[in-house]
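The values are calculated or read from the model by the stated rules, or taken from the named source; none is laboratory data. Keep in mind it's a predicted model, so treat the numbers as computed, not measured. Don't worry about glycine lacking a Cβ; one is built from the backbone with ideal geometry, like all the others, and counts go over all protein chains shown. Areas reflect the complete protein model, heavy atoms only, side chains present, ligands, DNA and RNA absent. Shrake-Rupley method; radii C 1.70, N 1.55, O 1.52, S 1.80 Å.
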Amino acid sequence: MSRVCKITKKRPLVGNRVSKSNIKTKRKQFPNLQVKKIYIPELGKSVKLKLSTTALKTIDKIGFMQYVKKQNLKLSDII
């Protein structure tokens, strides 16, 4: 599976690891993704999604459907 958040579209960043002697090598910074089962009352069922922790915090705060509307997404895009 890819390491991309379903809602925020966060993906790995690429940068350099810099040693003490200033040697630069490529590295990746992965987003903090969690697989969570979220209940959607409009559909009447639970859905497993891979979400970033920032998306989870906001979903806990304002609710799943409000967050999806705020991001201008449709349920068919996410599920």
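Looking across region 1-15, the residues that are open to solvent by 100 Å² or more (accessible area, probe 1.4 Å), assigned to a loop (DSSP other than H, G, I, E, B) and more than 14 Å from Ile78 (Cα to Cα) come down to Met1, Arg3, Arg11. The residue that is farthest from Leu73 (Cα to Cα), among those in region 16-53 that are out of contact with any strand residue (DSSP E or B) (no Cβ under 9 Å at 6 or more places or on another chain) and modelled with pLDDT under 95, is Gly44.
If the condition is being open to solvent by 50 Å² or more (accessible area, probe 1.4 Å), hydroxyl-bearing (Ser, Thr, Tyr) and in a strand (DSSP E or B), then region 43-58 contributes only Ser46. The number of residues in region 17-42 being surrounded by 10 or more Cβ atoms within 10 Å (Cβ to Cβ) and closer than 18 Å to Ile62 by Cα comes to 4. Scan region 59-79 for residues that are under 21 Å from Arg3 (Cβ atoms), in contact (Cβ under 8 Å) with a residue 12 or more places away in the chain and open to solvent by 40 Å² or more (accessible area, probe 1.4 Å) and the total you get is 3.
Inside region 16-38, can you point out the residues that are touching a residue at least 24 places away in the same chain (Cβ under 8 Å) and in a strand (DSSP E or B)?
Pass one, region 16-38, residues touching a residue at least 24 places away in the same chain (Cβ under 8 Å): 30-31, 33, 38.
Listed by number, the residues that qualify are Leu33, Ile38.
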